[in-house]
Amino acid sequence: MNSFIKLSIISLAVLTAASCKKLDQVPTNDFTDLNFYTTTVNVNNALNNIYSGMYNSGLYFYDDGMSDNAYAAGGSNYGGVDLVGAGAYTTSLPVFINDWSFFYSGIKACNLFLAGVDINKTIDGPTLNRMKAEVRFIRAFHHFNLMKWWGSAPLLSQDISEDASKVVPRTSHDSLLNFITNELEAVAAILPSKDQYAAADNGRITSGAALALEARVLLYEGNRMSDVVTICEKLMNDPATYGQYSLVPDYTSLFSDSKTNHSNPESMLSLQYVSGAAGRTWSEDWDFIPLSTGGRVSGLAPTQELVNDYIMANGKPITDPTSGYNESNPYVNRDPRLTATIVYDQYQWLNANGTTQTIYIKPGTDPVRPPLNEYSPGNQTVSATGYYWRKYYDPIALPNQVSGLNLHLIRWAEVLLDEAEAKNSLGQMDATTWNKTIMLLRQRAGFSDPNALNYPGNTDMTNIIMRERRTELAMEGLRTEDIRRWKVSEIVLNGYAHGAKFGDPTVDNGYIRVQKRTFDPSKNYLWPVPLNETEKDPNLGQNPHY
């Protein structure tokens with residue numbers, strides 16, 4: 001592995017020692033691997049470090065740049081994700097190297113904690129068991145991400161030496177899957193529900209989060225849908241055991257209102273951030289929002305393909321000739337989540353001070369010259385697609401869009417979507433299931449037309465659910481995984497990713513050609529094992545056709 005670096009807060013062995021001391025004597029004036037966990041503060045610091053290494057904002061946002069949801073301009077922000085989306089990469093692409101190292105660094109930190117923490121005698125047994133369950137969850141999460149991208153990878157349930165890491169083989173997909181699901185089942189029985197945690201523990205991993213992650217893992221397998229239904233219905237029907245969850249009434253506030261974002265009944269697991277210069281923050285939004293609203297460049301831009309999947313207010317897709325869609329006025333009477341997520345031409349942007357500004361993106365329309373947000377071919381500062389992001393905009397961000405908003409890894413909406421998809425795949429979708437899943441999501445989004453809210457029958461249910469999942473969860477790091485598990489990547493990632501209708505009217509009906517995508521289903525459903533890893537450990541082998 002490329003990650004045999006111990007936690008920064010753990011002191012390594014003392015480099016020098018007095019010659020009169022025995023070599024196996026534990027120093028009393030420094031922490032070593034033998035005594036580090038004896039103090040409560042060290043245990044808490046180590047656990048916090050493991051939480052902070054569970055995921056990060058770059059992984060969270062730039063996943064969409066590898067999908068049909070977004071275009072990552074130049075890939076400079078996260079290791080070449082634009083090349084993954086285009087299907088034009090080698091085994092040395094930084095995103096592969098970085099992600100492999102990130103997940104195994106996290107696994108190592110978890111294994112060190114689990115191997116050493118039992119020497120602590122100052123923390124009571126139940127609390128220590130809960131802490132170990134939190135770490136086991138995070139270790140399972142890291143292994144899931146490895147399995148998701150590479151299909152198979154070394155399973156490390158305990159720390160190994162650097163020498164051992166040079167000969168370790170990859171563990172089969174099925175063995176990884178069994179380890180992950182068994183761990184999540186086990187920790188779900190140990191962890192408190194969210195309602196059992198004290199307010200000071202908000203953000204800790206819960207029993208509900210463990211089951212929700214297991215549902216996601218099994219949903220991605222495609223052939224375990226009955227198990228997905230069982231897990232989702234545990235969560236939906238037994239709040240006394242797993243916690244009381246529900247949808248936040250206002251979709252936008254879940255992402256942009258600091259109070260709601262940090263404490264709400266919908267988030268099941270979030271990356272925790274704290275506003276202020278001394279807190280843990282993220283700043284990717286600096287490269288997502290229009291320049292006139294405080295943006296810097298457009299590093300990740302929504303595609304026309306994503307915009308097209310937001311249905312009309314009457315519940316019909318824009319491709320339905322009876323939907324009322326007007327290509328000349330395309331953003332009216334649409335799913336309200338479109339406006340909550342994406343900035344389009346003539347968008348009415350609400351500023352932090354309560355004022356509103358119009359975002360002019362169509363070339364030549366901004367009355368203020370020179371324009372800041374207008375699409376301009378070849379201009380790498382403005383959006384290459386003619387769209388920007390609104391979702392996760394922080395109205396109280398520090399300069400340069402330094403934000404303390406939490407990033408939601410798992411939320412209740414996903415459980416409802418999992419239930420709907422699994423039931424539909426089993427032929428069990430009906431009005432009852434619709435009403436407690438898709439209808440609730442649309443009601444919360446702001447739909448009021450009965451044609452959008454009432455059960456439509458199963459005529460086009462698979463596409464309805466896929467579209468609903470895409471628009472509900474856009475910009476939350478799940479789209480690439482979805483199109484891979486649905487095996488539609490070769491459809492949606494072959495051909496051009498497009499932008500708004502600001503291009504040559506004789507080419508693709510005027511929709512901007514942003515990037516040519518190519519997806520080879522014989523190999524691209526799995527990432528290549530990074531070249532630097534196979535050079536160190538030939539036993540890793542390589543995925544087919546790389």
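Within the stretch 150-170, work out how many residues are open to solvent by 30 Å² or more (accessible area, probe 1.4 Å) and not basic (K, R). Talk me through it step by step, then tell me what you get.
Taking the stretch 150-170 and keeping what is open to solvent by 30 Å² or more (accessible area, probe 1.4 Å), we get 155, 157-164, 166-167, 169-170.
Restricting the remaining residues to those that are not basic (K, R) gives 155, 157-164, 167, 169.
Selection size over the stretch 150-170: 11.
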Can you report the number of residues in the stretch 247-282 which are open to solvent by 50 Å² or more (accessible area, probe 1.4 Å), under 13 Å from P395 (Cα atoms) and among the polar types (S, T, N, Q)? 2
Tell me the residue from V514, V529 that is part of a loop (DSSP other than H, G, I, E, B), of a type in the set (A, V, I, L, M) and at pLDDT 95 or above, please. V529
Which of the following residues is without any contact (Cβ under 8 Å) to a residue 60 or more places away in the chain and either within 26 Å of F502 (Cα to Cα) or under 24 Å from the mean Cα position of the chain (by Cα) (or both): T355, T322? T322
Filtering the stretch 237-276 down to residues that are within 24 Å of Y78 (Cβ to Cβ) and in a loop (DSSP other than H, G, I, E, B) yields Q272, Y273, V274, S275
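If you scan the stretch 184-206, which residues turn out to be closer than 16 Å to N264 by Cβ and either surrounded by fewer than 15 Cβ atoms within 10 Å (Cβ to Cβ) or not hydroxyl-bearing (S, T, Y) (or both)? First the steps, then the outcome.
Residues of the stretch 184-206 closer than 16 Å to N264 by Cβ: 193-195, 197, 199, 201-204, 206.
K194, D195, A199, D201, N202, G203, R204, listed by residue number.
Yes/no per residue for (1) part of a loop (DSSP other than H, G, I, E, B); (2) of a type in the set (V, I, T); (3) out of contact with any strand residue (DSSP E or B) (no Cβ under 8 Å at 6 or more places or on another chain):
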{"residue": "I123", "(1), (2), (3)": "yes, yes, yes"}
{"residue": "R130", "(1), (2), (3)": "no, no, yes"}
{"residue": "R139", "(1), (2), (3)": "no, no, yes"}
{"residue": "F144", "(1), (2), (3)": "no, no, yes"}
{"residue": "M147", "(1), (2), (3)": "no, no, no"}
{"residue": "L155", "(1), (2), (3)": "yes, no, no"}
{"residue": "L177", "(1), (2), (3)": "no, no, yes"}
{"residue": "I180", "(1), (2), (3)": "no, yes, yes"}
{"residue": "P192", "(1), (2), (3)": "yes, no, yes"}
Of (1) farther than 23 Å from A313 by Cβ; (2) touching a Lys or Arg at 6+ places or on another chain (Cβ under 9 Å), G354 satisfies every one except (2)
Check T32, T40 and return the single one that is modelled with pLDDT of 95 or more and more than 26 Å from the chain's Cα centre (by Cα). T40
Only one of these is modelled with pLDDT under 95, farther than 19 Å from F113 by Cβ and not hydrophobic (A, V, I, L, M, F, W, C): N202, N178. Name it. N202
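Identify, from the list G106, G79, the residue that is assigned to a helix (DSSP H, G or I) and either of a type outside the set (D, E) or touching a Phe, Trp or Tyr at 6+ places or on another chain (Cβ under 8 Å) (or both). Give the steps one after another, and end with the answer.
Numbers: G79 fails: assigned to a helix (DSSP H, G or I).
Of the residues listed, the single one that is assigned to a helix (DSSP H, G or I) and either of a type outside the set (D, E) or touching a Phe, Trp or Tyr at 6+ places or on another chain (Cβ under 8 Å) (or both) is G106.
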Is it the case, given these coordinates, that T459 is among the hydroxyl-bearing types (S, T, Y) and in a loop (DSSP other than H, G, I, E, B)? yes
Does the stretch 62-96 hold any residues that are surrounded by fewer than 21 Cβ atoms within 10 Å (Cβ to Cβ) and within 21 Å of L407 (Cα to Cα), and which are they? N77, G79
Quick check: anything in the stretch 113-133 among the small types (G, A, S), over 25 Å from K487 (Cβ atoms) and open to solvent by 20 Å² or more (accessible area, probe 1.4 Å)? yes
Taking first residues from the stretch 530-546 that are under 18 Å from Y104 (Cα atoms) and second residues anywhere that are open to solvent by less than 30 Å² (accessible area, probe 1.4 Å) and among the aromatic types (F, W, Y), the pairs with Cβ under 8 Å that are 6 or more apart or on different chains are P530/F96; P530/W100; E533/W100
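Using the structure shown, decide if A209 is open to solvent by less than 50 Å² (accessible area, probe 1.4 Å), closer than 23 Å to G477 by Cβ and small (G, A, S). Please lay out each step first, then the result.
Numbers: open to solvent by less than 50 Å² (accessible area, probe 1.4 Å): yes; closer than 23 Å to G477 by Cβ: yes; small (G, A, S): yes.
So A209 fits the description; yes.
Any idea which residue in the stretch 498-517 is farthest from Y71 (Cα to Cα), counting only those that are out of contact with any strand residue (DSSP E or B) (no Cβ under 9 Å at 6 or more places or on another chain) and of a type in the set (S, T, N, Q)? Walk me through how you get there before you give the answer.
First pass over the stretch 498-517, keeping only residues out of contact with any strand residue (DSSP E or B) (no Cβ under 9 Å at 6 or more places or on another chain): 500-502, 505-506, 509-510.
From the residues that got through so far, the ones that are of a type in the set (S, T, N, Q) too are 506, 509.
Details: T506: 23, N509: 20 Å.
Top of the filtered list is T506.
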Between L416, L398, L426, which is of a type in the set (A, V, I, L, M, F, W, C), crowded, with 24+ Cβ neighbours inside 10 Å and more than 15 Å from Y60 (Cβ to Cβ)? L416
Scanning the stretch 454-499 residue by residue, those open to solvent by less than 20 Å² (accessible area, probe 1.4 Å) and aliphatic (A, V, I, L, M) turn out to be M461, I465, L473, A474, M475, L478, I483, L493, A497
Name the single residue, out of those in the stretch 325-341 being in contact (Cβ under 8 Å) with a residue 24 or more places away in the chain and of a type in the set (A, V, I, L, M, F, W, C), that is most open to solvent (accessible area, probe 1.4 Å). A340
Of everything in the stretch 367-390, what is in contact with a helix residue (DSSP H, G or I) (Cβ under 9 Å, 6 or more places away or on another chain) and over 19 Å from K516 (Cα atoms)? Give them in sequence order. V368, P371, L372, N373, T381, V382, Y388, W389, R390
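The values are calculated or read from the model by the stated rules, or taken from the named source; none is laboratory data. Please read all numbers here as calculations on a predicted model, not as lab measurements. Note: ideal-geometry Cβ built from the backbone for every residue, glycine included; neighbour counts use all protein chains shown. Each accessible area value is taken on the protein alone, full model and side chains, heavy atoms only, with ligands, DNA and RNA left out. Shrake-Rupley method; radii C 1.70, N 1.55, O 1.52, S 1.80 Å.
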